[in-house]
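Working notes for the structure below.
Since every read-out is calculated from the coordinates, none of them should be taken as a lab result. Owing to the predicted nature of the structure, the values given are computational and were not obtained by experimental measurement. All Cβ positions, glycine included, derive from the backbone under ideal geometry; neighbour counts span all protein chains shown.
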Amino acid sequence: MTATETEPATTHEVVLEAEGLTKHFPVRRGLRSLFTRERKAVHAVDDLRLTLRRGRVTALVGESGSGKSTVARLLAQLYPRTSGDIRLHGETITVHGGRKFRAYCRQVQMIFQDPFASLNPVHTVRYHLTRALKIHGRAGKTSAELEDNLRQLLLRVQLTPPERYLDKFPHELSGGQRQRVSIARALGADPEVLLADEPVSMLDVSIRLGVLNLLRDLKERLNLAILYITHDIASARYFADETMVMYAGRLVEGGDSETVTQQPAHPYTRLLIESAPDPDRLDRVGDPKDAPEDEAGGEPPSLIAPPTGCRFHPRCIHAMPKCSTELPPRFELPVISGEGEHWAACWLYEEGAAK
Amino acid sequence: MTGLKSPVLEIKDFNVDYGLGDQSVQAVRDVTLTLHRGEVLGLAGESGSGKSTLAYGITRLLPPPGVISGGSVIYHPPGEDPYDVMALSNSELRKFRWAETSIVFQGAMNSLNPVHKVSTQMLDVIKAHEPQLSAEARLARAHEMLKLVGISADRMDAYPHQLSGGMRQRVMIGMALVLEPQVVIMDEPTTALDVVMQRQILAQLVELRERLDFSVLFITHDLSLLVEFSDRIAIMYGGRIVEEAKSADLYKDSLHPYSEGLLKSFPALRGPRKELAGIPGSPPDLRGMPSGCAFHPRCPHAFDRCSTEIPVLGIPEARNDPNRQVACWLPGRVPVG
């Protein structure tokens, strides 16, 4: 279905890696807690391992509040991390701004959720794109070269003819066109990695696929590594090669998109897939037994004091005593079809996993 | 889900403009729609298609510069004579709202007053509409309602910020149902929630509907959700209804190219992986509506007639089914007669 299936897997070199990535946000202390010793923190992301490869789309799926946007911001170095490693081409990188940050974001660019907020309303498309090109030193020497580069950028995101869009203000564009402009701006740096934080969830349903197809096309032509963050697991299946599921700050399952969505292993992934709207399920309308696999009524836990052990155990119908005390590691699962790996962080798979 | 029953709300030739004079834009055009007793009617469309405007219009909650420029909304109270909501005086309207028709708003989680307890807000509703009830009876009613929507009685005295998003949404639904209205309008009630919570709340709603027998007008942009949860679906585009059919019919055999495109815009979670395209172009701007069929610039099947004449909503020739209507000039979809 995608070009990646025909190429040997070895061409997908690792671009960006995260190992043990952790982010805790300190909680403001009230008067009452001023004299106690404990310092509370929101455990937004804990011990996350993630690999982005060239020419591959990796989806990160989770509920709101699961920490998925924090992951994008950590990878973009917009937040300092509490601990862990971010490696670009194998080298650990920590930047806090300035020249080093620019050099980093030349390679790792971010696309934000809301194209209505991420473009400056008082500037034209030309200004936004010129600025991106100039900052990253790709504007060319003459104004003719710059003009040509601008045209190339707009052509890449399928805004044709480019002349019609260059001098428009953001309010003159539709949501889909705006998102395309912000993708063009990200491409202005000629990056290797795109971090797309819910790039289509603010767009109208009918144009979402257009933008996803554009991103896939860019991935193939420019050999980009894309991190696609979403709450919609069906779109992850459609768009991503690899899918990771995040729950309450931890990854719970990962693997080939088709495998994860068709043979979900972790109880949370199963719950997520069961809950997604499914028009083919017409006969089961309104059956209260529709949403199984959930004991605690759909409430994600507080991240200030996350549950011990597996963070899903208070909601899990398969929970065992072990689940509430010990944190499950990743267990490799047998892959039924295709290459790639499939793993779940769940004690249910302890025995089945390769010794 | 069974055969169609008597109507409870009949919307006829409804028009809404924003602004007056030549500055005005037409947000809702000639909408005729009937909500039957005990059914869930889904209203789907993209942003700017006029679906929320329609909901606010029929309850006369439309804030200025919105103007209802024509049409009638006939409400059929059980066992009484029907009347036109548009002709009600302010005091009659106040009685009509919430007791007969209630709304769960889009950002329902934020429509609770943050400085009052849930119980205060709930009791307030009952007090305003049924002043003859004693304080104990009111409290009992509020308790009972919250229990129905799955909130335990000890949460009655919580402030909204102490509840999670899903619980706040349930409180809102409970509040909308507390006077046992005949019609509940839900404007994107679950958009801000996670899929897991969404399914729970909707399953609960379906269960409550069976018990209390109210009708629901369910407005959303998520067509795949509607197909699963509603009995009938009306699709709006550019302020008009372009297709109306039973959910299953619409899903399996949509007649309007827009409905078809919309259905193909949702990647499937099961079955074979398909290449999908969405719909090319972008939704129309109300200030510059295309001539003829509003969808023709994006339509893959458009021909000459589409850009000049506005198609009328009617029972399509090819399917002689009184339960479905479509507004399209394509062969076989032109209305009979």
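Name the shape class, rounded, prolate or oblate, that the alpha-carbon gyration tensor gives for segment B:1-112, where a ≥ b ≥ c are the square roots of its eigenvalues, rounded holds for a/c under 1.5, and otherwise prolate holds if a/b is larger than b/c and oblate otherwise. Numbers along the way, then the final one.
Working: a/c = 1.43, a/b = 1.36, b/c = 1.05.
Judged from the Cα gyration tensor, segment B:1-112 comes out rounded (a/c under 1.5).
Which helices pass in chain B if a helix is a full DSSP H run, must span at least 15 angstrom along its long axis by Cα, and must have mean Kyte-Doolittle hydropathy not below -1.0? Show your work: numbers first, answer last.
Values: long enough: B:118-129 (18 Å, 0.40); B:135-148 (20 Å, -0.19); B:165-177 (18 Å, 0.48); B:195-212 (25 Å, 0.28).
TM-like helix candidates: B:118-129, B:135-148, B:165-177, B:195-212.
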Task: Relative exposure of B:Val115, A:Val193, B:Val178, judged by other C-beta atoms within 10 Å (fewest first) - done: B:Val115, A:Val193, B:Val178
- [ ] Show the residues, 5+ positions off or on another chain, whose built amide H is closer than 5 Å to the amide H of A:His342.
- [x] A:Leu333
Task: Overall Cα dimensions of segment B:181-337 - principal axes, largest extent first, Å - done: 49, 37, 36
Open item on the list: Rounded, prolate or oblate for segment B:111-178? Axes are the square roots of the Cα gyration tensor eigenvalues, ordered a ≥ b ≥ c, and the cut-off for rounded is a/c under 1.5.
Closed with: prolate
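Please give the length that would be gained between B:Asn110 and B:Ile310 if that part of the chain were fully extended, namely 0.36 nm times their separation in residues minus their C-alpha to C-alpha distance (nm, one decimal).
Values: separation 200, 0.36 × 200 = 72.00 nm, distance 3.95 nm.
Taking B:Asn110 through B:Ile310 to full extension adds about 68.0 nm, to one decimal.
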Open item on the list: Looking at chain B as a GNM with Cα springs under 10 Å, which of B:Thr32, B:Thr59, B:Thr308 has the largest mean-square fluctuation?
Closed with: B:Thr308
Task: Cα-based Rg of segment A:109-212 normalised by 2.2 N^0.38 Å, two decimals - done: 1.00
TODO: In a Gaussian network model over chain B where Cα atoms closer than 10 Å are linked, find which of B:Glu46, B:Glu100, B:Glu207 has the largest mean-square fluctuation.
DONE: B:Glu207
Task: Highest-MSF residue in chain A out of A:Glu198, A:Glu38, A:Glu91 [GNM, Cα springs under 10 Å] - done: A:Glu38
- [ ] Can you check what the net charge comes to around A:Arg28, using other residues whose Cβ is under 11 Å from the Cβ of A:Arg28 (Lys, Arg +1; Asp, Glu -1)?
- [x] +3
TODO: Can you give me the span-like helices of chain A, meaning DSSP H runs with 24 Å or more of Cα extent along the axis and Kyte-Doolittle mean at or above -1.0?
DONE: A:205-222
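Relative contact order (percent) for chain A, with alpha-carbon contacts under 8 angstrom and 6 or more residues of separation?
19 percent.
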Task: aspartates and glutamates with Cα under 13 Å of A:Lys134, excluding same-chain neighbours fewer than 8 positions away - done: A:Glu145, A:Glu147, A:Asp190
Open item on the list: Using 20 Å bins from zero, what percent of all Cα-Cα pairs in the protein assembly as shown falls into each bin?
Closed with: 16, 47, 33, 4, 0
Open item on the list: Calculate the FRET efficiency for A:Thr142 and B:Lys252 from the Cβ-Cβ distance with a Förster distance of 56 Å, rounded to the nearest 0.05.
Closed with: 0.45
Open item on the list: Given a Förster distance of 30 Å, report the FRET efficiency between B:Glu275 and B:Glu317 from their Cβ-Cβ distance, rounded to the nearest 0.05.
Closed with: 0.40
Open item on the list: At R0 = 25 Å, how high is the FRET efficiency between A:Glu351 and A:Lys40 if r is their beta carbon distance? Nearest 0.05 is fine.
Closed with: 0.10
Task: Computed [θ] at 222 nm, deg cm²/dmol, chain A (DSSP H ≥ 4; -39,500 (n - 2.57); rounded to nearest 500) - done: -8500 deg cm²/dmol
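What percentage of all Cα-Cα pairs in chain A are separated by more than 38 Å?
Values: 13516 of 62835 pairs.
Summing the P(r) tail past 38 Å for chain A gives 22 percent.
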- [ ] State, to one decimal in nm, how far the label point of A:Val335 lies from the label point of A:Tyr127, with both points 7 Å from Cα in the Cβ direction.
- [x] 4.9
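Note down the Stokes-Einstein diffusion coefficient of chain B in µm²/s, whole number, using a Kirkwood radius over alpha carbon pairs, 4 °C, and 1.567 mPa s. Before the final figure, lay out the partial values.
Details: Rh = 21.1 Å.
Translational diffusion coefficient: 61 µm²/s.
With 27 Å as the limit, write out which pairs from B:Lys5/B:Lys252; A:Lys23/A:Lys219; A:Lys219/B:Lys51; A:Lys68/A:Lys100; A:Lys68/B:Lys117; A:Lys168/B:Lys264 have Cα-Cα distances beyond it, or answer none.
Working: B:Lys5/B:Lys252 24 Å; A:Lys23/A:Lys219 29 Å; A:Lys219/B:Lys51 36 Å; A:Lys68/A:Lys100 25 Å; A:Lys68/B:Lys117 33 Å; A:Lys168/B:Lys264 31 Å.
As for pairs spanning more than 27 Å Cα to Cα, those are A:Lys23/A:Lys219; A:Lys219/B:Lys51; A:Lys68/B:Lys117; A:Lys168/B:Lys264.
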Task: Highest-first arrangement of A:318-324, B:196-202, A:272-278, where packing means the average Cβ count within 10 Å - done: B:196-202, A:272-278, A:318-324
Task: Amide H within-cut-off set for B:Glu39, under 5 Å, with H built and near neighbours excluded - done: B:Val216
